[in-house]
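To start, the structure itself, in structure tokens.
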Number of protein chains: 2
Amino acid sequence: MNTLTLPTYADVTAAAARLQGHAHKTPILTSRTVNEAFGAEVFFKCENLQRMGAFKFRGAFNALSRFDERQRRTGVVAFSSGNHAQAVALSARLLGIPATIVMPHDAPAAKLAATRGYGGQVVVYDRYKEDREQIGSDLASRQGMTLIPPYDHPDVIAGQGTAAKELFEEVGALDALFVCLGGGGLLAGSALSTRALAPGCRLYGVEPEAGNDGQQSFRSGTIVHIDTPQTIADGAQTQHLGNYTFPIIRRDVDDVLTATDAQLVECMRFAASRMKLVIEPTGCLGFAAARQMKDQLKGQRIGILISGGNVDMPRFCSLLAA
Amino acid sequence: MNTLTLPTYADVTAAAARLQGHAHKTPILTSRTVNEAFGAEVFFKCENLQRMGAFKFRGAFNALSRFDERQRRTGVVAFSSGNHAQAVALSARLLGIPATIVMPHDAPAAKLAATRGYGGQVVVYDRYKEDREQIGSDLASRQGMTLIPPYDHPDVIAGQGTAAKELFEEVGALDALFVCLGGGGLLAGSALSTRALAPGCRLYGVEPEAGNDGQQSFRSGTIVHIDTPQTIADGAQTQHLGNYTFPIIRRDVDDVLTATDAQLVECMRFAASRMKLVIEPTGCLGFAAARQMKDQLKGQRIGILISGGNVDMPRFCSLLAA
């Protein structure tokens with residue numbers, strides 16, 4: 001018995017209206033070097049240039065915009081490996097809502113600092129030993145706060161879908177779109193926009209090879225749970241897809257691919273040296289997978305969703321030096 | 001007796017038409033963090049996201065587009081500390097013109113490699129001992145090639161002016177615009193666009209403190225020559241303004257300011273960690289000067305021209321680590 005009502009593209013358009021004037025309409029960049037290497041036309045939707053440095057602002061702001069009077073007063077709680085935390089903290093500040101954020105103790109220092117900088121109250125936990133969902137739920141039930149999960153929520157999914165919506169509206173239909181996959185918020189949202197605006201476009205989710213629960217789930221038809229994967233893609237260390245994201249992904253996505261940490265570093269280096277963009281490891285998942293299958297993309301129009309750029313500079317430099 | 005005919009804004013609009021479909025219309029980015037720090041509205045015109053990573057493509061392509069049949073056949077020669085070299089090499093390749101580039105032996109490896117990658121024939125020289133202008137002129141006279149200097153040429157100046165033109169056309173008039181200053185091509189071109197599109201806008205050129213020949217020239221009224229300055233801003237190690245750039249700068253610019261290497265590094269770090277942009281040291285000159293005088297900019301609308309992003313990643317990381 002499944003009583004979930006999945007979000008639709010109408011929810012994405014409603015989210016886009018709410019985000020108007022709050023989220024950046026991020027640039028779509030092209031690189032002649034990439035086009036020549038691919039023998040294709042490649043469009044990078046740069047959510048690393050989004051407010052707070054990642055697409056997550058879209059979903060969080062959309063969700064918090066829909067709070068009623070009581071929810072606005074009691075506040076929001078969120079658990080997150082990083083970007084969602086900042087997104088909720090910033091959205092809450094903009095909307096005048098108190099925010100408590102549950103973050104892993106080993107989250108990048110830049111993300112912890114930025115979350116506090118946006119006015120969020122931070123509670124840390126050990127991501128290898130404690131269950132962040134339990135901690136978040138406890139805070140929500142004890143203090144009456146509204147929990148906004150990082151991906152498994154219709155308003156979050158609808159908000160994330162606005163990035164792909166902007167991409168298709170600006171460059172037209174594409175032959176294939178590559179989207180990074182952690183818990184599936186961005187991929188599910190992108191799926192809603194893709195099926196509405198470019199129905200023939202092949203849509204790929206891309207995960208870290210070390211944590212391919214999404215691929216296993218997509219191919220087996222049931223949500224597979226894994227231990228927290230060890231990967232540099234800290235934004236995609238999720239253990240399972242969600243009850244909202246999985247059915248959309250299963251229905252609308254063409255395949256789920258993977259990329260190794262080494263491939264992510266190569267893409268980070270290329271993006272920094274040739275495209276002048278700082279991209280966090282997770283943000284390179286789509287680019288890395290597209291590069292791996294570029295022989296199959298010749299002559300096509302390709303979209304790559306760059307999810308975020310929140311990586312400490314010392315860590316960024318040590319990854320590039322390796 | 002001055003027989004030079006200075007370029008005008010009409011030359012900038014003609015250049016813009018030639019560049020259409022060849023140069024990127026680069027994004028103009030904003031940062032809430034910067035706006036809050038400045039108490040002002042700040043627009044970054046991101047020429048680091050231009051083709052080959054710098055505004056120089058605009059001037060070079062414009063100049064080469066105007067070659068006649070004989071010039072196209074015999075080819076172009078250019079001397080450059082880096083970005084102009086790549087710009088000429090790439091423009092020449094796009095237009096089917098042979099290119100020879102005279103570059104300093106200690107130019108960033110990425111710039112040497114990129115210039116060769118674009119198909120340019122590279123001749124190296126010692127920038128502390130040899131005179132690149134002499135070497136370039138010799139090549140031009142011996143082989144009948146057309147010399148395109150990095151800044152002191154009407155078509156180069158007109159091409160560079162298209163960046164500020166795009167900025168004003170997209171965001172409207174500004175109260176102040178900060179532009180980096182080496183030999184003055186970008187600043188003179190920006191001056192033409194500024195006086196045509198935003199006559200009341202204060203226009204500042206910004207040089208490395210170690211090489212303030214432009215400031216001395218601007219304030220004294222004659223072109224001052226200096227030794228090659230020691231600064232991390234390798235794109236602004238010019239020894240003097242040009243015969244075309246100086247009179248425009250003297251006439252249209254409000255003041256010439258300076259920034260230290262340490263201030264440039266601070267801006268590079270901020271841009272990378274908060275704006276997700278790789279900017280080369282020279283590219284941060286305008287940002288650094290604006291930060292220094294931000295108390296005078298409160299409540300205003302400010303433009304900052306980011307000139308380029310061509311910096312080797314190892315060097316980028318070592319500068320940020322210092």
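From the Cα gyration tensor of region B:237-310, with a ≥ b ≥ c the square roots of its eigenvalues, which class applies: rounded if a/c is under 1.5, or else prolate if a/b is larger than b/c, or else oblate? Here region B:237-310 falls in the oblate category. If R0 is 56 Å, the Cβ-Cβ spacing of B:Ser220 and A:Gln121 corresponds to a FRET efficiency of close to 0.45. With a Förster radius of 60 Å applied to the beta-carbon distance between B:Arg315 and A:Arg142, the computed FRET efficiency rounds to 0.70. Using C-alpha pairs under 8 Å with a sequence gap of at least 6, the mean separation divided by the residue count of region A:154-232 gives a relative contact order of 28 percent.
Computed on region A:179-219, with alpha-carbon pairs under 8 angstrom and 6+ residues apart, the relative contact order is 44 percent.
For region B:195-263, the equivalent ellipsoid derived from the alpha-carbon gyration tensor has semi-axes of 21, 15, 9 Å in decreasing order. A simple charge model with +1 on the Cβ of Lys and Arg, -1 on the Cβ of Asp and Glu and nothing else charged puts the dipole of the protein assembly as shown at about 840 debye relative to its Cα centre.
For region B:92-216, the share of accessible area belonging to carbon and sulfur comes to 48 percent (1.4 Å probe, ligands and nucleic acids excluded). Diagonalising the gyration tensor over the Cα atoms of region B:99-149 and scaling each eigenvalue by 5 before taking the square root yields semi-axes of 18, 15, 7 Å, largest first.
Take B:Val171, move 7 Å from Cα toward the beta carbon, and the resulting point lies 2.5 nm from the same point in each other copy, nearest first.
Close amide H pairs (under 5 Å, H built 1.01 Å from N) link A:Asn310 with A:Glu280, residues at least 5 positions away or on another chain.
Rounded, prolate or oblate: which fits region B:125-169, taking a ≥ b ≥ c as square roots of the Cα gyration tensor eigenvalues, rounded meaning a/c under 1.5, else prolate when a/b beats b/c? Taking the square roots of the gyration eigenvalues as a ≥ b ≥ c, region B:125-169 is oblate. For region B:1-63, the alpha carbon convex hull comes to 142 Å³ per residue, rounded to a whole number. Distant-in-sequence amide contacts of B:Asp255, defined by a placed amide H-H separation under 5 Å and a gap of 5 or more residues or a different chain, comprise B:Leu203, B:Gly205.
Debye-formula intensities of region B:159-295, expressed as log10 I(q)/I(0) at q = 0.13, 0.19, 0.21 Å⁻¹, are -0.51, -1.08, -1.28 (one equal scatterer per alpha-carbon, no solvent). Sum up the charges of everything whose Cβ sits under 11 Å from the Cβ of A:Leu90, counting Lys and Arg as +1 and Asp and Glu as -1, but leave A:Leu90 out. Overall, the nearby charge balance is +4. Between B:Thr162, A:Tyr128, B:Phe57, the Cα set farthest toward the positive side of the dipole of the protein assembly as shown (charges on each charged residue's Cβ, about the Cα centre) is that of B:Thr162.
Per DSSP H run of at least 4 residues, take -39500 (n - 2.57); add these up for chain B, divide by its residues and hand me the 222 nm value, nearest 500 deg cm²/dmol.
The helix-only estimate for chain B comes to -13500 deg cm²/dmol at 222 nm.
Take the convex hull of the alpha carbons in chain A; its mean projected area over all directions comes to 15.2 nm².
Restricting the calculation to Cα atoms, every distinct pair contributes to the Kirkwood radius of region A:45-163, found to be 13.9 Å. Isolated cysteines in chain A, defined as those with no second cysteine Cβ under 4.7 Å, comprise A:Cys46, A:Cys180, A:Cys201. The alpha-carbon positions of region B:146-235 define a convex hull whose volume is 119 Å³ per residue. Here the relative contact order of chain A, from alpha carbon pairs under 8 Å that lie six or more residues apart, stands at 22 percent. Using a loss threshold of 40 Å², tell me which positions in region B:257-293 are less accessible in the complex than in their chain alone. Probe radius 1.4 Å, ligands and nucleic acids ignored. In region B:257-293, residues shielded by partner chains: B:Lys276, B:Val278.
Taking a point 7 Å from the Cα of A:His22 along the Cα-to-Cβ direction, none of the residues of region A:239-253 has its backbone N closer than 14 Å to it.
Note on chain A: GNM, Cα springs under 10 Å; of A:Thr194, A:Thr100, A:Thr33, the largest mean-square fluctuation is that of A:Thr33.
Using only alpha-carbon positions in the protein assembly as shown, the gyration tensor eigenvalues give semi-axes of 46, 26, 21 Å once each is multiplied by 5 and square-rooted (largest first). Counting Lys and Arg as +1 and Asp and Glu as -1 over every other residue whose Cβ lies under 15 Å from the Cβ of A:Gly308, the net charge comes to +4.
Note down the net charge around B:Gln216, summing +1 for each Lys or Arg and -1 for each Asp or Glu among other residues with Cβ under 14 Å from its Cβ.
-3
Between A:Asp255 and A:Arg72, full extension at 0.36 nm per residue minus the direct alpha carbon distance yields a gain of 62.0 nm. Per residue, the convex hull spanned by the Cα atoms of region B:41-109 measures out at 95 cubic angstrom.
Using a 1.4 angstrom probe on protein heavy atoms only, the contact between B and A buries about 2000 square angstrom of accessible area, both sides summed.
Residues considered: A:Ile101, A:Ile232, A:Ile135. Largest GNM mean-square fluctuation over chain A, using C-alpha springs under 10 Å, is found at A:Ile135. Once the 1.4 Å probe is applied to the protein heavy atoms, chain B comes out at 36 Å² accessible per residue.
Of the cross-linked pairs A:Lys45/B:Lys298; A:Lys25/A:Lys165; A:Lys276/B:Lys294, those separated by over 21 Å at the C-alpha level are A:Lys45/B:Lys298; A:Lys276/B:Lys294. Modelled this way, with points 7 Å down the Cα-to-C-beta line, the labels at B:Met293 and A:Lys298 are 5.6 nm from one another.
The slack in the chain from A:Ala113 to A:Gln134, taken as 0.36 nm per residue of separation less the alpha-carbon distance, amounts to 5.2 nm.
The values are calculated or read from the model by the stated rules, or taken from the named source; none is laboratory data. Computed from a predicted model, the values in this text were never measured in an experiment. Cβ atoms come from the backbone with ideal geometry, glycine included; neighbour counts cover every protein chain shown. Protein only, heavy atoms only, side chains kept; ligands, DNA and RNA dropped before computing areas. Shrake-Rupley method; radii C 1.70, N 1.55, O 1.52, S 1.80 Å.
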